[in-house]
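Worksheet for the structure shown next.
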Amino acid sequence: MPRSESTDVLVVGAGPVGLTLAAELRRAGVACRIVDRLPARLPYAKAVGIQPRTLELFERMGLVREVLDAAVPMRGQLTYENGAEQGRVELVLPPEVPYGFAALPQCDTERLLEEFLGRYGTGIERSTALVGFAQDPAGVTSRLTTTSGDEVEVRSRFLVGCDGAHSAVRKGLGLTFEGGAFPEEYMLADVEVGWDLPAGYGVRSSHRGEDGAIDDLLVCIPLPGNGRYRMSMLVPPELSAARQAEAAGTAGGGDGVAHGLEGGTAPALPDIQKVLDRLAPEPVTASALRWSSVFRISHRLVDRYGEGRVFVAGDAAHIHPPTGAQGMNTGIQDACNLAWKLALAVEGAAGPQVLPGYDAERHPVGEEVVGRTVRHAAEGVQADPTDRETLLLREAQLLVGYRESPLVTPLAPDDPAPLRPGDRAPDCGGLTGDIAAHPVRLFDVLRGRGHVLLVYGDHPAGETPLDLASAARELTGGRLDTHRILPAGAPDRWTGIPHHHDSRGEFALQYGAGEGAAFVVRPDGHLTACLRPPTVAGLKEAVGRIFLP
């Protein structure tokens with residue numbers, strides 16, 4: 001007879017997505033458990049790119065300093081074809097974006113997230129697998145087993161599968177996972193090389209045959225360390241995991257989904273060296289092989305991101321080519337989007353649209369990312385017709401938004417405001433206080449907080465900031481903090497509400513604040529509402545989409 005235990009949320013899978021979700025839940029005060037079938041963290045540099053938007057989310061959590069200390073910058077990419085340099089791509093974002101592109105081995109990202117989660121007294125329950133679950137109107141009953149043979153029955157309010165491409169949660173929920181697989185296989189290797197190429201630049205070197213098709217490929221992403229790169233290249237026939245799996249009758253991992261690290265013969269340094277001899281921009285010798293594997297790529301998307309009290313996130317919901325380092329980062333955004341919704345639901349404060357809003361907001365994002373990365377894998381990012389600035393912002397995941405979400409208050413179609421509900425809340429600098437001598441950024445104000453009402457202007461007539469702050473407390477049960485942003489030089493007419501001065505006018509410019517406005521910012525850094533002018537009635541309509549009265 002298995003022993004019975006309980007928690008608010010059970011998270012299955014302790015990769016970057018599951019760890020982010022668990023950390024955000026614990027930061028919101030929600031009891032959760034996180035289990036993983038593996039006995040230890042894998043020492044692999046699988047997903048290595050960390051996008052600027054992910055760094056913004058890590059800052060909101062309070063984790064970004066540790067990530068920045070461990071990562072290296074991604075400054076651009078050097079491209080070669082048939083031995084000739086084709087140009088250099090510079091990864092330069094607008095100056096108001098607080099972070100650039102970064103690279104960090106996935107194992108290190110997981111380590112930092114696990115240590116962060118540990119601050120809240122929660123650890124990973126390893127060597128523990130989900131073998132089944134059943135949900136009812138009040139909760140979910142999950143059956144877990146350990147490698148020692150123990151059986152546990154966990155009763156939770158919600159269950160979330162962050163358990164990868166072969167997700168047991170997705171299968172148990174009966175979600176479809178439509179898509180296909182690329183015929184090519186790739187070798188991955190974490191090695192060191194001593195070439196003289198500029199630091200911080202990725203390398204893409206290809207060979208194009210007489211028929212115009214690419215028949216050989218080398219992609220190198222810089223990692224922390226002296227001359228260290230995560231390299232990917234096409235697999236020679238003798239190392240093909242697919243051929244070995246087909247011969248053994250185990251192709252697709254037993255479920256038809258061919259994606260991720262494969263078993264079979266791992267590439268050795270001589271295998272890597274052969275490719276470098278053919279495609280490296282200059283003669284170089286590979287050394288210090290930390291790990292290697294063969295990798296398969298699929299492109300698939302679930303029909304929905306959850307049902308009832310059970311949800312999926314990350315690779316359990318969407319898999320696609322690694323082009324542009326979109327996968328892990330998209331999954332982390334899944335986690336941040338879902339966490340605050342689950343937290344409100346656990347508290348009994350979530351409106352009826354909040355949990356369905358996870359699928360409404362994230363499924364279109366997953367669909368766009370899968371489609372875009374498949375196109376880029378087939379045609380190359382350079383073939384994208386989007387202008388360079390927009391392309392970089394999109395690859396940085398700074399353009400992800402939820403303007404069509406049922407959880408945001410839409411603006412009138414003829415409203416000219418460039419910043420709209422559902423958009424990412426941008427950062428700005430130059431905010432000065434009455435005590436601190438140095439100006440701060442808006443993200444400093446938002447760090448570690450949940451839902452925040454930003455009130456801009458003085459409002460000498462009509463509804464005052466005090467009226468708005470009082471309504472924010474009453475309408476949300478104290479879950480919506482109010483912070484005022486005053487124009488430069490404006491006197492503080494309304495005491496009792498924390499405030500900063502917009503000394504350089506950056507907030508007014510970035511937010512299109514005009515003479516008076518208010519903005520509701522969600523815990524995941526997106527806007528629920530843009531109120532121009534700010535009124536209690538408008539605030540009530542906005543928060544009514546999220547909070548129960």
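The values are calculated or read from the model by the stated rules, or taken from the named source; none is laboratory data. If you're wondering where the values come from, they're calculated on a predicted model, not measured in any experiment. Neighbour counts are summed over all protein chains in view; Cβ atoms, including those assigned to glycine, are modelled from backbone coordinates with ideal geometry. Side chains included, ligands, DNA and RNA excluded: accessible areas come from the protein's heavy atoms. Shrake-Rupley method; radii C 1.70, N 1.55, O 1.52, S 1.80 Å.
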query: Taking the stretch 23-39 only, how many residues are touching a helix residue (DSSP H, G or I) at 6+ places or on another chain (Cβ under 7 Å), of a type outside the set (A, V, I, L, M, F, W, C) and surrounded by fewer than 24 Cβ atoms within 10 Å (Cβ to Cβ)?
result: 2
message: Condition first: modelled with pLDDT of 95 or more, assigned to a loop (DSSP other than H, G, I, E, B), in contact with a Phe, Trp or Tyr (Cβ under 7 Å, 6 or more places away or on another chain) and not polar (S, T, N, Q). Can you find one or more residues in the stretch 205-222 that meet it?
response: no
statement: For the stretch 303-346, the count of residues that are farther than 21 Å from THR176 by Cβ and either among the hydroxyl-bearing types (Ser, Thr, Tyr) or in contact (Cβ under 8 Å) with a residue 60 or more places away in the chain (or both) equals 19
statement: The one condition THR20 fails out of (1) open to solvent by 50 Å² or more (accessible area, probe 1.4 Å); (2) of a type outside the set (Asp, Glu); (3) touching a Gly at 6+ places or on another chain (Cβ under 9 Å) is (1)
Pair list, Cβ under 7 Å, 6 or more apart: the stretch 448-469 residue under 14 Å from PRO498 (Cα atoms) and assigned to a loop (DSSP other than H, G, I, E, B), other residue modelled with pLDDT under 90 and among the basic types (Lys, Arg): ASP458/ARG493
- request: Could you tell me which numbered condition GLY62 fails, if it satisfies all but one of (1) touching a strand residue (DSSP E or B) at 6+ places or on another chain (Cβ under 8 Å); (2) on the phi > 0 side of the Ramachandran plot; (3) not basic (Lys, Arg)?
  value: (1)
query: Given (1) closer than 18 Å to GLU361 by Cβ; (2) crowded, with 23+ Cβ neighbours inside 10 Å; (3) hydrophobic (A, V, I, L, M, F, W, C), where does LEU301 come up short, assuming only one miss?
result: (2)
message: For the condition charged (D, E, K, R), out of contact with any Ser or Thr (no Cβ under 8 Å at 6 or more places or on another chain), modelled with pLDDT of 95 or more and not in a helix (DSSP H, G or I), what is the one hit in ARG278, ARG304, ARG290?
response: ARG304
- line: THR330 meets each of (1) open to solvent by less than 10 Å² (accessible area, probe 1.4 Å); (2) modelled with pLDDT under 95; (3) of a type in the set (Ser, Thr, Tyr) with one exception, condition (2)
query: When you look at ALA23, is it closer than 25 Å to LEU399 by Cα and at pLDDT below 95, yes or no?
result: no
query: open to solvent by 40 Å² or more (accessible area, probe 1.4 Å) and modelled with pLDDT of 95 or more: does that describe ARG65?
result: yes
task: All but one of (1) in contact with a Leu (Cβ under 9 Å, 6 or more places away or on another chain); (2) under 26 Å from PRO94 (Cα atoms) hold for THR535, so report the exception by its number.
output: (2)
message: Name the single residue that is nearest to ALA286 (Cα to Cα) among those in the stretch 179-204 being among the small types (Gly, Ala, Ser) and part of a loop (DSSP other than H, G, I, E, B).
response: GLY194
- prompt: Has the stretch 514-522 got any residue that is in contact with a Cys (Cβ under 6 Å, 6 or more places away or on another chain) and either surrounded by fewer than 17 Cβ atoms within 10 Å (Cβ to Cβ) or under 25 Å from GLY62 (Cβ atoms) (or both)?
  reply: yes
query: Which one of SER148, SER206 is among the hydroxyl-bearing types (Ser, Thr, Tyr) and open to solvent by 60 Å² or more (accessible area, probe 1.4 Å)?
result: SER148
query: Out of all the residues in the stretch 151-179, which are acidic (Asp, Glu) and either under 23 Å from GLY139 (Cα atoms) or open to solvent by less than 40 Å² (accessible area, probe 1.4 Å) (or both)?
result: GLU151, GLU153, ASP163
